[in-house]
Amino acid sequence: MTLSPKATGTLSTSTGAAYARILGVGGYRPERVVPNSEIIDKINSSDEWIRERSGIISRRFAAPEESVVDMSEHATREALAMAGLEAGQIDAVIVATVTHPYQTPAAAPILADRLGIQGAAFDISAACAGYCHGIALANDMVRGGSAQHVLVVGVEKLSDFTDPYDRGSAFIFGDGAGAAIVGPSDTPAIGPTVWGSDGSQWKTISQRESWIETREKQIDFPAITMAGQSVFRWAVWGMAPVAQKAIDAAGVRAEDLDAFIPHQANMRIIDAMIKQLKLPADIPVARDIAETANTSAASIPLATERMLREGEAPHGGLALQIGFGAGLVYAAQVVVLP
Ligand SMILES: CC(C)(COP(=O)(O)OP(=O)(O)OC[C@H]1O[C@@H](n2cnc3c(N)ncnc32)[C@H](O)[C@@H]1OP(=O)(O)O)[C@@H](O)C(=O)NCCC(=O)NCCS
(Lines give C-alpha, C1' and ligand atoms only; values in the text may rest on other atoms or scores of the structure.)
Protein backbone atom coordinates (compact mmCIF):
# COMPACT_ATOMS: atom_id res chain seq x y z
CA MET A 1 0.00 0.00 0.00
CA THR A 2 1.31 3.46 -0.88
CA LEU A 3 0.70 6.10 1.78
CA SER A 4 -0.04 9.63 0.67
CA PRO A 5 2.90 11.98 1.23
CA LYS A 6 0.79 13.87 3.77
CA ALA A 7 0.28 10.75 5.91
CA THR A 8 3.85 9.47 5.72
CA GLY A 9 5.62 9.91 9.01
CA THR A 10 3.11 12.37 10.41
CA LEU A 11 0.74 10.10 12.35
CA SER A 12 1.35 9.54 16.05
CA THR A 13 0.47 6.17 17.53
CA SER A 14 0.10 4.95 21.08
CA THR A 15 2.56 2.70 22.89
CA GLY A 16 1.84 1.06 26.18
CA ALA A 17 3.52 -1.03 28.84
CA ALA A 18 6.09 -3.67 27.96
CA TYR A 19 3.81 -6.37 29.41
CA ALA A 20 0.48 -6.76 31.19
CA ARG A 21 -0.68 -8.83 34.15
CA ILE A 22 -3.79 -9.66 36.12
CA LEU A 23 -3.52 -7.51 39.24
CA GLY A 24 -6.59 -8.75 41.10
CA VAL A 25 -9.63 -11.01 40.78
CA GLY A 26 -12.98 -11.05 42.52
CA GLY A 27 -16.11 -13.14 42.51
CA TYR A 28 -19.77 -12.87 43.41
CA ARG A 29 -22.04 -15.83 44.07
CA PRO A 30 -25.72 -15.01 44.59
CA GLU A 31 -27.09 -15.96 47.99
CA ARG A 32 -29.67 -18.55 46.96
CA VAL A 33 -28.28 -22.08 46.74
CA VAL A 34 -30.33 -24.29 44.40
CA PRO A 35 -29.69 -28.02 44.90
CA ASN A 36 -30.43 -30.57 42.18
CA SER A 37 -33.55 -31.58 44.09
CA GLU A 38 -35.14 -28.25 43.10
CA ILE A 39 -34.50 -28.88 39.39
CA ILE A 40 -35.30 -32.55 38.86
CA ASP A 41 -39.10 -32.71 38.98
CA LYS A 42 -39.61 -30.50 35.94
CA ILE A 43 -37.18 -32.56 33.81
CA ASN A 44 -37.91 -36.07 35.12
CA SER A 45 -34.33 -36.46 36.32
CA SER A 46 -32.55 -37.35 39.56
CA ASP A 47 -29.83 -35.95 41.78
CA GLU A 48 -27.69 -39.03 40.99
CA TRP A 49 -28.06 -38.61 37.21
CA ILE A 50 -27.08 -34.93 37.30
CA ARG A 51 -24.09 -35.59 39.58
CA GLU A 52 -22.88 -38.51 37.48
CA ARG A 53 -23.32 -36.86 34.06
CA SER A 54 -22.20 -33.32 34.93
CA GLY A 55 -20.59 -33.27 38.39
CA ILE A 56 -23.06 -30.61 39.49
CA ILE A 57 -24.43 -30.80 43.05
CA SER A 58 -25.91 -27.31 43.33
CA ARG A 59 -25.87 -23.90 41.71
CA ARG A 60 -26.66 -20.32 42.76
CA PHE A 61 -29.60 -18.38 41.34
CA ALA A 62 -29.72 -14.60 41.55
CA ALA A 63 -32.72 -12.93 43.17
CA PRO A 64 -35.41 -11.77 40.70
CA GLU A 65 -34.43 -8.11 41.09
CA GLU A 66 -30.67 -8.81 41.01
CA SER A 67 -29.17 -7.85 37.64
CA VAL A 68 -25.94 -8.73 35.84
CA VAL A 69 -24.79 -5.19 36.62
CA ASP A 70 -25.46 -5.71 40.36
CA MET A 71 -23.49 -8.94 40.38
CA SER A 72 -20.66 -7.39 38.35
CA GLU A 73 -20.37 -4.52 40.81
CA HIS A 74 -19.82 -6.91 43.75
CA ALA A 75 -17.17 -8.91 41.89
CA THR A 76 -15.42 -5.75 40.67
CA ARG A 77 -15.13 -4.23 44.15
CA GLU A 78 -13.39 -7.43 45.30
CA ALA A 79 -11.03 -7.42 42.32
CA LEU A 80 -10.17 -3.74 42.90
CA ALA A 81 -9.38 -4.48 46.56
CA MET A 82 -6.99 -7.30 45.59
CA ALA A 83 -5.36 -5.07 42.97
CA GLY A 84 -5.04 -2.21 45.48
CA LEU A 85 -6.67 0.19 43.03
CA GLU A 86 -9.54 2.68 43.15
CA ALA A 87 -12.33 2.49 40.57
CA GLY A 88 -11.22 5.90 39.26
CA GLN A 89 -7.96 4.36 38.09
CA ILE A 90 -9.76 2.06 35.63
CA ASP A 91 -9.84 3.47 32.12
CA ALA A 92 -11.64 0.70 30.24
CA VAL A 93 -14.42 -1.74 31.16
CA ILE A 94 -15.10 -4.95 29.22
CA VAL A 95 -18.12 -7.00 30.23
CA ALA A 96 -18.39 -10.51 28.79
CA THR A 97 -21.99 -11.72 29.00
CA VAL A 98 -24.79 -13.30 26.99
CA THR A 99 -27.52 -12.65 29.55
CA HIS A 100 -27.70 -8.87 29.90
CA PRO A 101 -31.41 -8.52 29.12
CA TYR A 102 -31.14 -5.38 26.99
CA GLN A 103 -30.23 -5.71 23.32
CA THR A 104 -28.85 -2.21 23.77
CA PRO A 105 -27.24 -0.46 25.58
CA ALA A 106 -24.46 -2.71 26.79
CA ALA A 107 -24.03 -3.57 30.49
CA ALA A 108 -20.48 -2.18 30.65
CA PRO A 109 -21.29 1.57 30.55
CA ILE A 110 -23.97 1.09 33.23
CA LEU A 111 -21.46 -0.78 35.40
CA ALA A 112 -18.84 1.89 34.74
CA ASP A 113 -21.27 4.61 35.82
CA ARG A 114 -22.09 2.72 39.04
CA LEU A 115 -18.40 2.58 39.86
CA GLY A 116 -17.67 6.19 38.84
CA ILE A 117 -15.62 5.15 35.80
CA GLN A 118 -15.81 7.30 32.69
CA GLY A 119 -13.46 5.34 30.45
CA ALA A 120 -14.28 3.13 27.47
CA ALA A 121 -16.98 0.58 28.24
CA PHE A 122 -18.34 -2.18 26.01
CA ASP A 123 -19.72 -5.72 26.12
CA ILE A 124 -18.43 -8.76 24.27
CA SER A 125 -20.50 -11.76 23.26
CA ALA A 126 -18.26 -14.82 23.34
CA ALA A 127 -20.37 -16.94 25.70
CA CYS A 128 -18.34 -19.29 27.90
CA ALA A 129 -15.11 -18.08 26.28
CA GLY A 130 -15.96 -14.42 26.98
CA TYR A 131 -13.65 -13.97 29.96
CA CYS A 132 -10.58 -15.33 28.11
CA HIS A 133 -11.45 -13.10 25.12
CA GLY A 134 -11.65 -10.18 27.57
CA ILE A 135 -8.24 -10.98 29.06
CA ALA A 136 -6.77 -11.18 25.55
CA LEU A 137 -8.19 -7.76 24.63
CA ALA A 138 -7.17 -6.18 27.95
CA ASN A 139 -3.62 -7.49 27.55
CA ASP A 140 -3.38 -5.98 24.07
CA MET A 141 -4.95 -2.69 25.19
CA VAL A 142 -2.48 -2.24 28.06
CA ARG A 143 0.45 -3.14 25.83
CA GLY A 144 -0.86 -1.07 22.92
CA GLY A 145 -1.38 1.98 25.09
CA SER A 146 -5.14 2.44 24.63
CA ALA A 147 -5.70 1.85 28.36
CA GLN A 148 -3.59 1.51 31.48
CA HIS A 149 -5.94 -0.44 33.75
CA VAL A 150 -8.71 -2.55 32.26
CA LEU A 151 -11.58 -4.14 34.16
CA VAL A 152 -12.70 -7.47 32.66
CA VAL A 153 -15.95 -8.93 33.98
CA GLY A 154 -17.54 -12.27 33.14
CA VAL A 155 -21.14 -12.31 34.36
CA GLU A 156 -24.29 -14.31 33.69
CA LYS A 157 -27.81 -14.54 34.99
CA LEU A 158 -28.56 -17.73 33.09
CA SER A 159 -31.57 -18.53 35.28
CA ASP A 160 -33.42 -15.85 33.28
CA PHE A 161 -32.60 -17.58 29.97
CA THR A 162 -33.06 -21.22 30.93
CA ASP A 163 -36.17 -23.28 30.19
CA PRO A 164 -36.71 -25.16 33.47
CA TYR A 165 -38.49 -27.91 31.49
CA ASP A 166 -35.65 -28.49 29.01
CA ARG A 167 -33.98 -31.78 29.97
CA GLY A 168 -30.81 -31.00 28.08
CA SER A 169 -29.95 -27.72 29.77
CA ALA A 170 -32.05 -26.97 32.88
CA PHE A 171 -29.58 -28.63 35.27
CA ILE A 172 -26.40 -27.20 33.73
CA PHE A 173 -26.63 -23.45 34.23
CA GLY A 174 -26.07 -21.13 37.21
CA ASP A 175 -25.68 -17.42 37.96
CA GLY A 176 -22.66 -15.41 39.12
CA ALA A 177 -19.98 -12.84 38.32
CA GLY A 178 -16.20 -12.84 38.22
CA ALA A 179 -13.90 -9.87 37.62
CA ALA A 180 -10.25 -9.23 36.89
CA ILE A 181 -8.17 -6.06 36.72
CA VAL A 182 -5.47 -6.07 34.04
CA GLY A 183 -2.66 -3.52 34.25
CA PRO A 184 0.99 -2.87 33.33
CA SER A 185 3.78 -5.28 34.21
CA ASP A 186 7.58 -5.26 33.94
CA THR A 187 7.68 -8.97 33.21
CA PRO A 188 5.56 -11.22 30.93
CA ALA A 189 2.47 -12.40 32.83
CA ILE A 190 -0.17 -13.10 30.19
CA GLY A 191 0.89 -15.62 27.56
CA PRO A 192 -0.20 -15.52 23.91
CA THR A 193 -3.90 -16.22 23.40
CA VAL A 194 -4.84 -19.18 21.22
CA TRP A 195 -8.35 -18.54 19.97
CA GLY A 196 -10.73 -19.35 17.16
CA SER A 197 -14.24 -20.26 16.13
CA ASP A 198 -16.40 -22.74 14.23
CA GLY A 199 -19.53 -20.87 13.26
CA SER A 200 -20.79 -23.85 11.22
CA GLN A 201 -21.87 -25.31 14.59
CA TRP A 202 -23.69 -22.17 15.77
CA LYS A 203 -26.92 -24.04 16.38
CA THR A 204 -25.43 -26.42 18.96
CA ILE A 205 -25.72 -23.83 21.78
CA SER A 206 -28.12 -21.07 20.94
CA GLN A 207 -31.02 -18.92 21.96
CA ARG A 208 -33.88 -21.11 20.69
CA GLU A 209 -35.65 -18.39 18.69
CA SER A 210 -34.39 -15.03 17.43
CA TRP A 211 -36.03 -11.91 18.87
CA ILE A 212 -37.92 -11.50 15.58
CA GLU A 213 -39.27 -15.08 15.75
CA THR A 214 -40.14 -14.51 19.38
CA ARG A 215 -42.33 -11.59 18.36
CA GLU A 216 -43.81 -13.25 15.28
CA LYS A 217 -44.63 -16.57 16.96
CA GLN A 218 -45.68 -14.84 20.18
CA ILE A 219 -43.30 -16.96 22.22
CA ASP A 220 -43.07 -16.03 25.91
CA PHE A 221 -39.31 -15.92 26.09
CA PRO A 222 -36.50 -17.50 24.04
CA ALA A 223 -34.39 -19.77 26.23
CA ILE A 224 -30.82 -20.91 25.55
CA THR A 225 -30.66 -24.60 24.63
CA MET A 226 -27.92 -26.92 23.49
CA ALA A 227 -27.27 -30.15 21.65
CA GLY A 228 -25.44 -31.71 24.59
CA GLN A 229 -23.74 -34.61 22.82
CA SER A 230 -22.36 -32.51 19.95
CA VAL A 231 -21.01 -29.91 22.36
CA PHE A 232 -19.55 -32.64 24.53
CA ARG A 233 -17.68 -34.24 21.61
CA TRP A 234 -16.38 -30.89 20.34
CA ALA A 235 -15.17 -29.89 23.79
CA VAL A 236 -13.56 -33.22 24.62
CA TRP A 237 -11.75 -33.72 21.31
CA GLY A 238 -11.26 -30.14 20.17
CA MET A 239 -10.25 -28.22 23.26
CA ALA A 240 -7.29 -30.20 24.65
CA PRO A 241 -5.19 -29.41 21.52
CA VAL A 242 -6.09 -25.71 21.95
CA ALA A 243 -4.96 -25.82 25.59
CA GLN A 244 -1.73 -27.55 24.53
CA LYS A 245 -1.09 -24.82 21.94
CA ALA A 246 -1.52 -22.16 24.64
CA ILE A 247 1.02 -23.97 26.85
CA ASP A 248 3.47 -24.22 23.94
CA ALA A 249 2.92 -20.59 22.88
CA ALA A 250 3.72 -19.47 26.43
CA GLY A 251 7.01 -21.38 26.26
CA VAL A 252 6.26 -23.48 29.33
CA ARG A 253 5.59 -27.18 29.98
CA ALA A 254 2.51 -28.76 31.54
CA GLU A 255 4.54 -29.60 34.64
CA ASP A 256 5.39 -25.90 35.14
CA LEU A 257 1.70 -25.07 35.77
CA ASP A 258 0.45 -24.32 39.28
CA ALA A 259 -3.20 -24.58 38.28
CA PHE A 260 -5.48 -25.66 35.45
CA ILE A 261 -8.61 -23.51 35.29
CA PRO A 262 -10.82 -24.70 32.42
CA HIS A 263 -14.33 -23.41 31.75
CA GLN A 264 -16.63 -25.16 34.21
CA ALA A 265 -18.85 -26.77 31.56
CA ASN A 266 -19.09 -30.31 32.82
CA MET A 267 -16.89 -32.32 35.21
CA ARG A 268 -16.54 -35.10 32.63
CA ILE A 269 -15.20 -32.63 30.04
CA ILE A 270 -12.68 -31.36 32.61
CA ASP A 271 -11.54 -34.93 33.40
CA ALA A 272 -11.21 -35.80 29.71
CA MET A 273 -9.07 -32.70 29.09
CA ILE A 274 -6.74 -33.55 32.00
CA LYS A 275 -6.20 -37.00 30.48
CA GLN A 276 -5.54 -35.72 26.99
CA LEU A 277 -3.17 -33.02 28.20
CA LYS A 278 -1.38 -35.63 30.35
CA LEU A 279 -1.38 -33.12 33.20
CA PRO A 280 0.71 -34.28 36.17
CA ALA A 281 -1.60 -35.49 38.94
CA ASP A 282 -0.33 -32.94 41.48
CA ILE A 283 -1.46 -29.88 39.48
CA PRO A 284 -4.58 -28.41 41.12
CA VAL A 285 -7.59 -28.35 38.81
CA ALA A 286 -10.61 -26.04 39.21
CA ARG A 287 -13.74 -28.01 40.11
CA ASP A 288 -15.93 -25.10 41.07
CA ILE A 289 -18.69 -26.56 38.86
CA ALA A 290 -19.80 -28.87 41.69
CA GLU A 291 -21.30 -26.00 43.68
CA THR A 292 -21.56 -23.25 41.05
CA ALA A 293 -22.65 -25.18 37.93
CA ASN A 294 -21.91 -23.70 34.49
CA THR A 295 -21.93 -19.90 34.76
CA SER A 296 -20.65 -19.36 31.20
CA ALA A 297 -18.49 -16.19 31.07
CA ALA A 298 -18.28 -16.05 34.87
CA SER A 299 -17.01 -19.59 35.36
CA ILE A 300 -13.24 -19.09 34.95
CA PRO A 301 -12.86 -15.95 37.09
CA LEU A 302 -15.16 -17.46 39.74
CA ALA A 303 -13.09 -20.65 39.81
CA THR A 304 -9.89 -18.60 39.93
CA GLU A 305 -11.17 -16.54 42.85
CA ARG A 306 -12.12 -19.70 44.75
CA MET A 307 -8.77 -21.43 44.15
CA LEU A 308 -6.84 -18.39 45.40
CA ARG A 309 -9.16 -17.83 48.38
CA GLU A 310 -8.98 -21.47 49.46
CA GLY A 311 -5.21 -21.65 48.95
CA GLU A 312 -5.56 -24.32 46.28
CA ALA A 313 -3.58 -22.24 43.76
CA PRO A 314 -0.72 -19.93 44.76
CA HIS A 315 -0.72 -16.17 44.26
CA GLY A 316 1.88 -15.52 41.57
CA GLY A 317 1.56 -19.08 40.23
CA LEU A 318 1.14 -20.06 36.57
CA ALA A 319 -2.36 -21.00 35.48
CA LEU A 320 -3.67 -22.36 32.19
CA GLN A 321 -7.18 -21.06 31.47
CA ILE A 322 -9.40 -22.08 28.58
CA GLY A 323 -12.93 -20.98 27.73
CA PHE A 324 -15.16 -22.55 25.06
CA GLY A 325 -18.82 -22.39 24.19
CA ALA A 326 -21.59 -20.92 22.06
CA GLY A 327 -20.52 -19.68 18.67
CA LEU A 328 -18.80 -22.09 18.73
CA VAL A 329 -15.82 -20.11 20.00
CA TYR A 330 -12.80 -20.69 22.20
CA ALA A 331 -9.81 -18.90 23.76
CA ALA A 332 -6.96 -20.08 25.98
CA GLN A 333 -3.90 -18.52 27.57
CA VAL A 334 -1.38 -19.15 30.34
CA VAL A 335 -1.45 -16.38 32.96
CA VAL A 336 0.39 -15.48 36.14
CA LEU A 337 -2.16 -15.45 38.95
CA PRO A 338 -2.45 -12.19 40.92
C1 LIG B 1 -26.00 -32.61 28.66
C2 LIG B 1 -25.27 -33.91 28.97
C3 LIG B 1 -24.89 -33.99 30.44
C4 LIG B 1 -26.18 -35.08 28.62
O5 LIG B 1 -25.49 -36.29 28.83
P6 LIG B 1 -25.50 -37.41 27.73
O7 LIG B 1 -24.77 -38.55 28.28
O8 LIG B 1 -25.00 -36.83 26.44
O9 LIG B 1 -27.05 -37.71 27.62
P10 LIG B 1 -27.86 -38.19 26.37
O11 LIG B 1 -28.54 -37.04 25.75
O12 LIG B 1 -27.03 -39.08 25.49
O13 LIG B 1 -28.92 -39.11 27.09
C14 LIG B 1 -28.52 -40.30 27.76
C15 LIG B 1 -29.68 -40.84 28.50
O16 LIG B 1 -30.02 -39.97 29.59
C17 LIG B 1 -31.37 -39.51 29.47
N18 LIG B 1 -31.41 -38.12 29.87
C19 LIG B 1 -31.15 -37.02 29.13
N20 LIG B 1 -31.27 -35.92 29.87
C21 LIG B 1 -31.59 -36.33 31.11
C22 LIG B 1 -31.83 -35.65 32.32
N23 LIG B 1 -31.74 -34.33 32.42
N24 LIG B 1 -32.10 -36.41 33.41
C25 LIG B 1 -32.19 -37.74 33.34
N26 LIG B 1 -31.98 -38.43 32.21
C27 LIG B 1 -31.67 -37.72 31.11
C28 LIG B 1 -31.73 -39.70 28.03
O29 LIG B 1 -33.12 -39.89 27.87
C30 LIG B 1 -30.97 -40.95 27.68
O31 LIG B 1 -31.68 -42.08 28.13
P32 LIG B 1 -31.64 -43.48 27.32
O33 LIG B 1 -30.21 -43.90 27.33
O34 LIG B 1 -32.56 -44.34 28.12
O35 LIG B 1 -32.15 -43.13 25.96
C36 LIG B 1 -23.98 -34.02 28.11
O37 LIG B 1 -24.31 -34.19 26.76
C38 LIG B 1 -23.09 -32.85 28.26
O39 LIG B 1 -22.55 -32.60 29.31
N40 LIG B 1 -22.87 -32.10 27.17
C41 LIG B 1 -22.03 -30.94 27.22
C42 LIG B 1 -22.80 -29.85 27.82
C43 LIG B 1 -21.92 -28.69 28.13
O44 LIG B 1 -20.87 -28.85 28.66
N45 LIG B 1 -22.41 -27.54 27.77
C46 LIG B 1 -21.77 -26.34 28.04
C47 LIG B 1 -20.72 -26.10 27.05
S48 LIG B 1 -20.26 -24.49 27.17
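Overview of results
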read-out	value
Pick from segment 208-221, criterion modelled with pLDDT of 90 or more and open to solvent by less than 60 Å² (accessible area, probe 1.4 Å), ranking: farthest from the ligand (Cβ to nearest atom)	THR214
Enumeration of residues in segment 105-134 that are open to solvent by 50 Å² or more (accessible area, probe 1.4 Å) and closer than 22 Å to TRP202 by Cα	SER125
Some residue of segment 150-159 being in the same structural domain as LEU115 (by TED's automatic domain parsing), surrounded by fewer than 19 Cβ atoms within 10 Å (Cβ to Cβ), of a type in the set (D, E, K, R) and in contact (Cβ under 8 Å) with a residue 60 or more places away in the chain	no
Among (1) of a type outside the set (D, E, K, R); (2) part of a helix (DSSP H, G or I); (3) more than 15 Å from the ligand (Cβ to nearest atom) - the single one ALA179 does not satisfy	(2)
Qualifying residue in segment 295-313 (condition: within 10 Å of the chain's Cα centre (by Cα), more than 21 Å from ALA246 (Cβ to Cβ) and outside any helix (DSSP H, G or I))	yes
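The values are calculated or read from the model by the stated rules, or taken from the named source; none is laboratory data. Fair warning: this is a prediction, and the values are worked out from it, not measured in the lab. Cβ sites come from the backbone with ideal geometry, for glycine too, and all protein chains shown count toward neighbours. Surface accessibility is based on the protein's heavy atoms, side chains included, excluding ligands, DNA and RNA. Shrake-Rupley method; radii C 1.70, N 1.55, O 1.52, S 1.80 Å.
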